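To keep things clear, I will list the structure first and then write my remarks on it.
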Amino acid sequence: MSLKTAQSDSSGSMKNRHKTVWPSIGWVFSRPDRLLAFGFGTGLFRPGSGTWGTLLAAILWWPLQQTVPHGILGVALLLGLVAGIWICGRTANSLGVADHVGIVWDEIIAFWWLMWAIPFNWVTLLVAFVLFRFFDVYKPFPIGWFDQNFKGGFGVMVDDLIAAFYAWLMMMTWFVFVGPMAGASV
C-alpha cells in the first residue's frame, strides 16, 4: 500500500487538524470499494475533492436520468446509499481517517438524490450544484453537528445527505413562491 501522510508544519499545526493520508492512484484503483469511495479517482484531485466528485455526479446525471426509469433510479440510489455506508466506512478505516477529504462517494450519492428529487434541466442542475456545494462546505446546523458527532460510513454519508436536503428545500421553496426555473416543470 502506498500512502503519503501530510506532515505538520513548524508550528505543529496540521491541515484539517489531523493527519491527512493521500493514497496513490494505484491504491485507489486496486479495489472496487476504494475506486467508488474516491469517485473513480476524482477524490484525488486537489483542492476541492468534494467539488470534483460533485462535478462527476453532475456530468453522469444527464445520461442516467435519460436512460434509467425514475423508479428504478430511486431504488439504485437507495442501494448506492446503503452500499456507500459500507464503502466509505471501509475506505476511511483503511486510511485511518474518520472522513477523508478524498472520499467523494457521499457527495456523488447525495447530489444524485437531490437531482432525483427535483425537475431536471440545465438551470436546475447548475443551481443544485451551487446550493449543494455551499451547504456541504459551510455545514450550517445540523450538518456540522452530524459531521462532528457521527463517525464511520454513516457519519461520512449523513452530512452530505442533509446538505442535499437543504439544497432541495431551497429549490422547492423557489418553485412554490417564484415558479419553475427556466423550463423546469414542477
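Can you tell me the relative contact order of the chain? Whole percent, Cα pairs under 8 Å, sequence separation 6 or more.
Dividing the mean separation by the residue count of the chain yields 22 percent.
In deg cm²/dmol, rounded to 500, what helix-only [θ] at 222 nm does the chain give when every DSSP H run of at least 4 residues adds -39500 (n - 2.57) and the total is split over its residues? Computed mean residue ellipticity for the chain: -20500 deg cm²/dmol.
Averaging the Cα positions of each part gives two centres, and for segment 63-94 and segment 97-147 these lie 14 Å apart. For the chain, the longest principal axis of the Cα atoms and the long axis of helix 152-177 meet at an angle of about 30 degrees.
Putting +1 on Lys and Arg Cβ atoms and -1 on Asp and Glu Cβ atoms, find which of A167, G71, L95 reaches farthest to the positive end of the dipole of the chain. After comparing all options, I get L95.
Quick one: if the Förster radius is 35 Å, what FRET efficiency do A98 and A76 give, using the C-beta to C-beta distance and rounding to 0.05?
Approximately 0.80, to the nearest 0.05.
Taking all Cα-Cα distances within the chain, those exceeding 23 Å account for 42%. With respect to the chain, whose longest principal axis is taken over its alpha-carbon atoms, helix 70-95 is tilted by about 10°. Restricting the chymotrypsin sites (Phe, Trp or Tyr not before Pro) of segment 68-167 to loop positions (DSSP other than H, G, I, E, B) with no more than 13 neighbouring Cβ atoms within 10 Å leaves nothing. If only the Cβ of Lys and Arg carry +1 and only the Cβ of Asp and Glu carry -1, the dipole of segment 31-177 around its Cα centre is close to 200 debye. Summing charges over all other residues whose Cβ lies under 14 Å from the Cβ of P142, with Lys and Arg as +1 and Asp and Glu as -1, gives -3.
The fewest-to-most ranking of K139, K151 by surrounding Cβ atoms within 10 Å reads K151, K139.
Of the residues I59, G48, I108, the one whose Cα sits farthest towards the positive end of the charge dipole of the chain is G48 (charges of +1 on Lys and Arg Cβ, -1 on Asp and Glu Cβ, taken about the Cα centre). Computed from Cα positions, the angle between helix 105-116 and the longest principal axis of the chain comes to roughly 0 degrees.
Bear in mind these aren't lab numbers, they're just calculated from the coordinates by the rules spelled out. Everything numeric here is computed off the predicted structure, so don't read it as measured data. Using ideal geometry, Cβ is built from the backbone for each residue, glycine included, and neighbour counts are taken over all protein chains shown.
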